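Data first, discussion second: the structure below is written as structure tokens.
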Amino acid sequence: MAPDGEAPLQTDLVQVRRDKLEKLRARGIDPYPHSFTRTHTSEQARALLADAESESSDSGDPANPARAETVTIAGRMMAVRGMGKATFVDVKDPDGRIQALLRRNTLGDSYELLDDLDIGDWIGVSGPVIRTRTGEATVEGQTLTVLSKAIRPLPEKWHGLADTEVRFRQRYLDLIANDDAQRVAVLRSKIVSSMRRFLDGQGFMEVETPVLVPVAAGAMARPFVTHHNQLNADLFMRIATELYLKRLIVGGLEKVYEIGRVFRNEGVDFYHNPEFTMMESYQAFADYNDVMVMVEHMVSTIAKEALGKLTVEFDGNEIDLTPPWPRLSLRQQLIEHAGIDFLEYSDLDSLATKMRDMGLDTSGQISWAGLLDKAVSDTVEPKLIQPSFLIDYPVEMSPLAKRHRDDPRVAERFEGFVAGMEICNSFTELNDPVDQRVRFEEQEALRVALQDAESEEPKEGGEAEEVYDRLDEDFLVAIEHGMPPTGGLGLGVDRLAMLLSGHRSIREVILFPQLRPR
């Protein structure tokens, strides 16, 4: 009987492969050897042949086609084409695919191994690199080694893996079947490496801060809660790294950054995953103007290193990441696109009425800051296709940002947008400990009064979520010891990977996204 949820045909195919596995063992072949030495990837083997052909052309002897030296390749069998006493096999490795030619008269008894091999098996092939009459670079196999017998078949090979549910639940199948999945995985790694190089080159020091924290502070988001048995204490998965990195600024580490996962127990959609990767940096003696310059140069540098260009195609638009990016006043953008002056509509009722008159959904937003954020998201952000900085937010929306030096009604804060998508958030950090305490206390009083309805929504059935204290007293004590002027930044690594890879869904750029239970 087939296991639950597994089709009988799939079970039959597995049994056929198991039978072949036993035949290999009966031949004295270890189908799962301990190691194997590969000398060249597919790309390196092709380059070797190209060099040999160049030398052969220079020697002026067209009668003797070039043959590169013996190489050893290794990878997964992705296609098999039998031609009498010869077989062509496509071998896939991280650089792509290369053809191997396996002949009976060259391999001898080893040629019979092909009877017990299937698409999806891992093999190693050694031999010189030649070019066939069809012009394809090919390893002329002199030895064939079984590296791993796959006892489950791959997804249908001609069309790749199209089932989104399977692709995300079994990412290994997606990586095998879809070249784009491998491209995105490699690109993301290049993005993070380039980001580190840029920040290290700017004199920043990479640090690590706690993932399990006693206070879920640093952002307004619903946390994941756990319990430490030995300490008999509730702890939270961090929702931001901000307050710990600022402690390091207080301690005299003047330029620090961290690239790591943060966790928010909130919705899942095209732009949000419960765990995601943030880069946060803090620089003493800088303000948000300095950080804007750093962001536009960092993103453009990453694009140049990862893609080789400063333009990307995203959702039908050609995006030019070349600095400088425009600085756009949030107040002016809201007036232009929504007819809302937040200095005029400065209370909850008037703003809600104005938004409803415009046809904007105000349900679920019961604070003035939440309403204004909704207005910005619906009317301004979709217009920001080319890279732009939206600057100078109301103080009520920015409890950790310093008041603007020329207008105390707004804070020195910016958010960076590309293709209508927020990729970063930054402040001239509030370092006045008295002002910071007042703002934290006001925020806590409001949150408790409203049962934190915007970020900790009621459970199914109407039961309210427990409200946890968000005021981080230890952080307040830290900055009371003196924090210098500081420019801070939070940049979404996943969002940047979406932009540079051309994908609209965050699940395409996270190797193992969170999914609903089956």
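The values are calculated or read from the model by the stated rules, or taken from the named source; none is laboratory data. Computed from a predicted model, the values in this text were never measured in an experiment. Cβ sites come from the backbone with ideal geometry, for glycine too, and all protein chains shown count toward neighbours.
Odds and ends about this structure:
- Filtering region 464-484 for residues that are in contact with a Pro (Cβ under 6 Å, 6 or more places away or on another chain), closer than 23 Å to GLU412 by Cα and modelled with pLDDT of 70 or more leaves a non-empty set.
- Failed item in (1) of a type outside the set (Phe, Trp, Tyr); (2) surrounded by fewer than 19 Cβ atoms within 10 Å (Cβ to Cβ); (3) modelled with pLDDT of 95 or more; (4) not in a strand (DSSP E or B), with LEU107 passing the rest: (2)
- Here ALA185 meets the list (1) over 26 Å from GLN15 (Cβ atoms); (2) among the small types (Gly, Ala, Ser); (3) in the same structural domain as ASP19 (by TED's automatic domain parsing) almost entirely, failing just condition (3).
- Failed item, numbered, when SER388 is tested on (1) farther than 19 Å from SER300 by Cβ; (2) of a type outside the set (Asp, Glu); (3) in contact (Cβ under 8 Å) with a residue 12 or more places away in the chain: (1)
- Residue that is nearest to GLY492 (Cα to Cα), among those in region 221-240 that are within 21 Å of the chain's Cα centre (by Cα) and without any contact (Cβ under 8 Å) to a residue 40 or more places away in the chain: ILE239
- Given (1) over 31 Å from the mean Cα position of the chain (by Cα); (2) crowded, with 16+ Cβ neighbours inside 10 Å; (3) not polar (S, T, N, Q), number of the condition MET77 does not satisfy: (1)
- Boolean, VAL125 is in contact with a helix residue (DSSP H, G or I) (Cβ under 8 Å, 6 or more places away or on another chain) and of a type in the set (A, V, I, L, M, F, W, C): no
- In region 218-252, the residues that are among the hydrophobic types (A, V, I, L, M, F, W, C), over 28 Å from HIS272 (Cα atoms) and assigned to a loop (DSSP other than H, G, I, E, B): LEU231
- Exactly one residue among VAL291, VAL295, VAL268, VAL256 is at pLDDT below 95 and closer than 28 Å to VAL213 by Cβ, and that residue is VAL268.
- Contact map, region 286-298: first residue assigned to a loop (DSSP other than H, G, I, E, B), second residue at pLDDT 95 or above and of a type outside the set (Gly, Ala, Ser), Cβ cut-off under 6 Å, separation 6 or more or different chains; pairs are ASP287/THR428.
- Lone unmet requirement of (1) under 34 Å from the mean Cα position of the chain (by Cα); (2) aliphatic (A, V, I, L, M); (3) over 20 Å from ARG495 (Cβ atoms) for LEU351: (1)
- Look at region 145-165: where a residue is over 19 Å from TRP122 (Cα atoms) and a partner is modelled with pLDDT of 80 or more, sitting 6+ places away or on another chain with Cβ atoms under 6 Å, you get LEU161/ARG167; LEU161/LEU173; LEU161/ASP174; LEU161/ALA177; LEU161/ASN178.
- If you go through region 317-345 and keep only what is in contact (Cβ under 8 Å) with a residue 12 or more places away in the chain and assigned to a loop (DSSP other than H, G, I, E, B), you end up with LEU321, THR322, PRO323, PRO324, TRP325, PRO326, GLY339, ILE340, PHE342, LEU343.
- In the set (1) buried (at least 18 other Cβ atoms within 10 Å of the Cβ); (2) touching a strand residue (DSSP E or B) at 6+ places or on another chain (Cβ under 7 Å), the condition left unmet by ILE191 is number (2).
- Every listed requirement among (1) more than 17 Å from the chain's Cα centre (by Cα); (2) buried (at least 21 other Cβ atoms within 10 Å of the Cβ); (3) at pLDDT 95 or above is met by ALA216 save one, (3).
- Residue pairs meeting the criteria (Cβ under 7 Å; at least 6 apart or on separate chains; first closer than 14 Å to ILE506 by Cβ, in region 179-196; second among the acidic types (Asp, Glu) and at pLDDT 95 or above): VAL184/GLU508
- Looking only at region 360-380, and only at residues there that are of a type in the set (S, T, N, Q) and surrounded by 16 or more Cβ atoms within 10 Å (Cβ to Cβ), the one that is nearest to GLN332 (Cα to Cα): THR379
- The set of residues in region 58-78 that are at pLDDT below 95, outside any loop (DSSP other than H, G, I, E, B) and within 17 Å of THR132 (Cα to Cα) comprises ALA68, GLU69.
- Residue in region 388-410 that is surrounded by the most Cβ atoms within 10 Å (Cβ to Cβ), counting only those that are in contact with a helix residue (DSSP H, G or I) (Cβ under 6 Å, 6 or more places away or on another chain) and under 15 Å from ARG327 (Cβ atoms): TYR393
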